[in-house]
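Asks: I have a structure I would like to understand better, so I am pasting it below and will then ask my questions one at a time.
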Amino acid sequence: MAFRSGFALFAALLLEAWAPGARADKLQITSTPPGATVELDGVSAGTTPFEKDFPGGYFHKTKTSLGARLEHAMVARISLAGYATKELTLTEGPMNWISLNGRNRGEYWLFKSDHFHVDLKLVSEAFTGGIAARVSDSNVELRPELSREELVRQSKPAVVYLKGIDKSGSGFFVTSTGLIVTNAHLARGEESLLTLLSSGQQLEGKVVHIDPELDIALVKVDSPTENMEFPHLVLTDSAGVHQGENVLAIGNPGDAMLFSVTKGIVSAVGKFPNAGPGTWIQTDAPINPGNSGGPLLNSRGEVIGINTQKLVKKNVSGIGFALSSSDVLEVLHRFYPDSVLSSATSRSQTPADSDSNLGANDVTTAAASTPEGFGTIVVISDPESAEIFVDEKFHGNTPATLRLPAGSHEVVLKFPHHADWKRTLEVLRGNKVNLRATLETIR
């Protein structure tokens, strides 16, 4: 009798292993508003409300070593035209599968939940105010260098401590309306981050953009009072960064005091594929876990880079990397079309200043206002999920339906490893235009 019971249990376990479809569970992703495109690991999978069947072993540990297992992490991107794209880490792991006899059967991941919901934020609400930037030019008079003490005094109020569920780091304000730049690896998988100001005030920061390629994310906090403006820093492009110049890093290294400062020099500037895409600034200023996302400042208090990583290698020390402000400006340019300024109009700004206090050498770029009268364009592309830029401003990913002001507009679609697709069209009030774009692969 005991043998029959054991055999029946073994047969049931085999049935689970060989017929996972019979025990499939459903993954659901919803959004407010609905109709957003859902990408799973970079592949378009449908629109919200989204449902898909997965083996039960993706949601809970299987009972046998033969059961279906999820053998990689899974990330979802939720995008809708006119709204800030959301990125969700759907899984937790890796975990080790250890059989009853103690044998390691490999790693696996599990879905954190069977239902994920995101509230999408309008681009017009998330990206308000203006950013300040300076493009290097020999004809533009540079601000005088500051003492270290004065540089820290002016810049520190614009630096923030960011804390997620199981990780923490740094960031800094780039607008007086609460837009924060930080690293994507800190914001990935987080809906919001606890944001601590140097004054001790705590706010909730909403993750409003995570770049799919560069290690850059944008977080937005709302002002607790109607007239409050956040101190923010000026960005300067990498053309003005030189080997040997002095730099300061401000951030929140783990297991150390918050809002601490380290100093060093620029060791090198350029592309460094081992660190990732973008232009990198190598520095000997100590950059430790928790410093990620904080500003790397020159002696004039301008942000030349975003502290990103430290080289960890045996017998190697004093090598850190910051992603250049040129890359940060490239990301911000999607939402603030005037953020990349010509050298003729670029000017500098006192660190951690506010828009209302801009001086004669300062410039602020803001989102453009829209006139009355609208038309509609429907944009479809091959491949799908191409980035849409209208008049140099990011409007989400294809497929999308956009409501645009009447008049002439330049539409550009971008997709990695494909040539840009460009069209200029006239949008008439009350009319609807369909655009179908095929992006050619770059060989």
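The values are calculated or read from the model by the stated rules, or taken from the named source; none is laboratory data. For clarity, every value in this text was computed on a predicted model and none was experimentally measured. As a convention, Cβ positions derive from the backbone with ideal geometry for all residues, glycine included, and neighbour counts pool all protein chains shown. The protein model used for the area step is the full one, side chains on, heavy atoms only, and it has no ligands, DNA or RNA in it. Shrake-Rupley method; radii C 1.70, N 1.55, O 1.52, S 1.80 Å.
Asks: Give the number of residues within segment 165-190 that are closer than 18 Å to residue 127 by Cβ and out of contact with any His (no Cβ under 6 Å at 6 or more places or on another chain). Walk me through how you get there before you give the answer.
Replies: Filtering segment 165-190 for residues closer than 18 Å to residue 127 by Cβ gives 171-182, 184, 187.
Those still in the list that are out of contact with any His (no Cβ under 6 Å at 6 or more places or on another chain) too: 171-172, 177-182, 184, 187.
Looking only at that region, the number is 10.
Asks: If residue 166 satisfies every condition in (1) buried (at least 24 other Cβ atoms within 10 Å of the Cβ); (2) of a type outside the set (Gly, Ala, Ser); (3) modelled with pLDDT under 95 but one, which is the exception?
Replies: Among (1) buried (at least 24 other Cβ atoms within 10 Å of the Cβ); (2) of a type outside the set (Gly, Ala, Ser); (3) modelled with pLDDT under 95, residue 166 violates only (1).
Asks: What tally of residues in segment 27-59 results from selecting those that are without any contact (Cβ under 8 Å) to a residue 60 or more places away in the chain, buried (at least 19 other Cβ atoms within 10 Å of the Cβ) and within 19 Å of the chain's Cα centre (by Cα)?
Replies: Number of matching residues: 1.
So that you can scan it fast, the table gives a plain yes or no per residue for (1) in a loop (DSSP other than H, G, I, E, B); (2) of a type in the set (S, T, N, Q); (3) modelled with pLDDT of 90 or more:
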| position | (1), (2), (3) |
| --- | --- |
| 12 | no, no, no |
| 15 | no, no, no |
| 30 | no, yes, yes |
| 63 | yes, no, no |
| 67 | yes, no, no |
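Asks: For segment 193-227, give me each residue that is open to solvent by 40 Å² or more (accessible area, probe 1.4 Å), at pLDDT below 90 and under 18 Å from the mean Cα position of the chain (by Cα).
Replies: 212, 213
Asks: Which residues, taken from segment 377-423, are open to solvent by 10 Å² or more (accessible area, probe 1.4 Å), assigned to a loop (DSSP other than H, G, I, E, B), within 22 Å of residue 214 (Cβ to Cβ) and not aromatic (Phe, Trp, Tyr)?
Replies: Correct list: 383, 384, 385, 392, 416, 417, 419, 420.
Asks: Let me ask something else about it. Please identify the pairs in which a residue from segment 271-290 that is on the phi > 0 side of the Ramachandran plot and touching a residue at least 12 places away in the same chain (Cβ under 8 Å) has its Cβ atom under 9 Å from the Cβ atom of a residue that is part of a loop (DSSP other than H, G, I, E, B) and open to solvent by 70 Å² or more (accessible area, probe 1.4 Å), counting only partners at least 6 apart or on another chain.
Replies: Pairs that qualify, where the first residue is on the phi > 0 side of the Ramachandran plot and touching a residue at least 12 places away in the same chain (Cβ under 8 Å) and the partner is part of a loop (DSSP other than H, G, I, E, B) and open to solvent by 70 Å² or more (accessible area, probe 1.4 Å), are 276/213; 278/213; 278/272; 290/255; 290/258.
Asks: Being under 26 Å from residue 154 (Cα atoms) and open to solvent by 20 Å² or more (accessible area, probe 1.4 Å) is the filter here; which residues of segment 253-268 pass it?
Replies: 254, 255, 256, 257, 258, 259, 260, 261, 262, 263, 265, 267
Asks: Kindly evaluate residue 122 against the criterion of being of a type outside the set (Asp, Glu), free of Cβ contacts under 8 Å to residues at least 12 places away in the same chain and either within 30 Å of residue 37 (Cβ to Cβ) or open to solvent by 40 Å² or more (accessible area, probe 1.4 Å) (or both).
Replies: Considered against the rule, which asks whether it is of a type outside the set (Asp, Glu), free of Cβ contacts under 8 Å to residues at least 12 places away in the same chain and either within 30 Å of residue 37 (Cβ to Cβ) or open to solvent by 40 Å² or more (accessible area, probe 1.4 Å) (or both), residue 122 comes out as no.
Asks: Take the residues of segment 38-55 that are at pLDDT below 85 and not in a loop (DSSP other than H, G, I, E, B): which is farthest from residue 380 (Cα to Cα)? Full working, then the answer.
Replies: From segment 38-55, those at pLDDT below 85 are 41-44; that's our starting set.
Restricting the remaining residues to those that are not in a loop (DSSP other than H, G, I, E, B) gives 43-44.
Details: 43: 16, 44: 13 Å.
In this case the residue turns out to be 43.
Asks: Then there's this: I need the full set of residues from segment 90-119 which are closer than 23 Å to residue 24 by Cα, loosely packed, with under 15 Cβ neighbours inside 10 Å and among the polar types (S, T, N, Q), in order please.
Replies: 96, 99, 113
Asks: Among 241, 247, which is of a type in the set (Val, Ile, Thr) and open to solvent by less than 10 Å² (accessible area, probe 1.4 Å)?
Replies: None of the others qualify; the one that does is 247.
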